[in-house]
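J.: Below are the structure tokens for one structure; questions will follow.
The numbers here are math on the coordinates, done by the rules we state, and not lab data. It should be emphasised that the depicted structure is a prediction, and the values quoted were computed from it without experimental measurement. Cβ sites come from the backbone with ideal geometry, for glycine too, and all protein chains shown count toward neighbours.
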Amino acid sequence: DSGVTQTPKHLITATGQRVTLRCSPRSGDLSVYWYQQSLDQGLQFLIQYYNGEERAKGNILERFSAQQFPDLHSELNLSSLELGDSALYFCASSVRVAGGADEQYFGPGTRLTVT
Amino acid sequence: AQKVTQAQTEISVVEKEDVTLDCVYETRDTTYYLFWYKQPPSGELVFLIRRNSFDEQNEISGRYSWNFQKSTSSFNFTITASQVVDSAVYFCALSEARFNKFYFGSGTKLNVKP
């Protein structure tokens with residue numbers, strides 16, 4: 001158990017809908033990262049937050065957005081869902097922002113299925 | 001261009017064999033970090049090791065060892081005397097200090113047969 005929690009574990013929704021994925025980092029970790037893992041794209045870095053502020057952006061679509069709240073939990077919002085958004089979404093946390101130096105601890109993931 | 005290349009898509013070995021997983025990276029940064037993660041069938045990603053670009057010392061942890069060579073931009077991972085529990089997908093990752101972004105390779109699926 002990494003100490004990172006993600007809810008829900010599974011999510012099934014229809015195209016065009018909007019969903020919110022939630023992540024609670026390990027106690028004491030200030031950075032939260034979101035990743036998408038799909039069969040054809042592999043593990044893709046989406047976005048990073050550090051202590052409530054966006055710090056780095058990867059291959060995140062405009063239909064997706066995220067935020068980190070004062071209690072450090074984070075939410076990833078996915079809207080206008082398409083079939084291709086079906087994937088496993090991971091959240092990870094680390095202690096610092098520190099130019100990527102820290103190892104990240106991953107949550108169990110949320111499996112999103114868009115039908 | 002791929003920042004991290006794991007050319008071996010899938011490897012199958014018999015228990016107790018040694019196996020090396022290759023990782024080649026590409027970066028122009030002088031300060032960067034390399035990682036290996038394990039993803040067992042249960043799905044979670046487990047951190048194995050981190051290396052920074054200034055430390056080329058090889059590392060051994062039990063049956064695991066890592067060979068970092070800047071000259072060839074490689075960070076290979078060897079499992080000695082493999083066990084069935086080593087069966088997983090292994091990911092190599094790169095983080096560039098300047099941009100604070102993470103790049104994962106496509107992963108190598110290791111099957112260890114009894």
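J.: If you average over every viewing direction, what projected area does the convex hull of the Cα atoms of the protein assembly as shown give, in nm²?
T.: For the protein assembly as shown, the mean projected area of the Cα convex hull comes to 12.4 nm².
J.: Distance in nm between label sites at B:Glu10 and B:Ser71, each 7 Å beyond Cα in the beta-carbon direction?
T.: 3.6 nm
J.: What is the packing order of peptides B:59-70, B:101-112, taking the mean over residues of other C-beta atoms within 10 Å and listing the highest first?
T.: Ranked from most to least packed, the peptides come out as B:101-112, B:59-70.
J.: Would you kindly give the portion of the calculated P(r) for the stretch A:44-88 that falls above 15 Å, as a percent of all Cα pairs?
T.: 46 percent
J.: With the alpha-carbon atoms as the only input, what is the per residue convex hull volume for chain A in Å³?
T.: 91 Å³
J.: Report the FRET efficiency, 1/(1 + (r/R0)^6), for B:Lys113 and A:Thr5, where r is their Cβ-Cβ distance and R0 is 22 Å, rounded to 0.05.
T.: 0.05
J.: Moving to a separate point now. What distance in nm separates the simple spin-label points at A:Arg22 and A:Glu54, each placed 7 Å from Cα in the Cβ direction?
T.: About 2.3 nm, to one decimal.
J.: Give the lysines reachable from A:Lys57 as a straight Cα distance under 29 Å; neighbours fewer than 8 places away on the same chain don't count.
T.: Result set, ordered by chain and number: A:Lys9, B:Lys3, B:Lys38, B:Lys70, B:Lys101, B:Lys109.
J.: Give the distance, in whole Å, between the Cα centre of the stretch B:21-45 and the Cα centre of the stretch A:57-102.
T.: Value for the Cα centre distance between the two parts: 19 Å.
J.: Classify chain B as rounded, prolate or oblate, taking a ≥ b ≥ c as the square roots of the eigenvalues of its Cα gyration tensor: rounded when a/c is under 1.5, otherwise prolate if a/b is larger than b/c and oblate if not.
T.: Prolate is the answer for chain B, as a/c is 1.5 or above and a/b outweighs b/c.
J.: Related question: So how many Å³ per residue does the convex hull of the Cα atoms of the stretch B:10-52 work out to? All intermediate terms of the calculation are to be shown ahead of the outcome.
T.: On the way: hull volume 5.1 nm³, N = 43.
Convex hull volume per residue, Cα atoms: 118 Å³.
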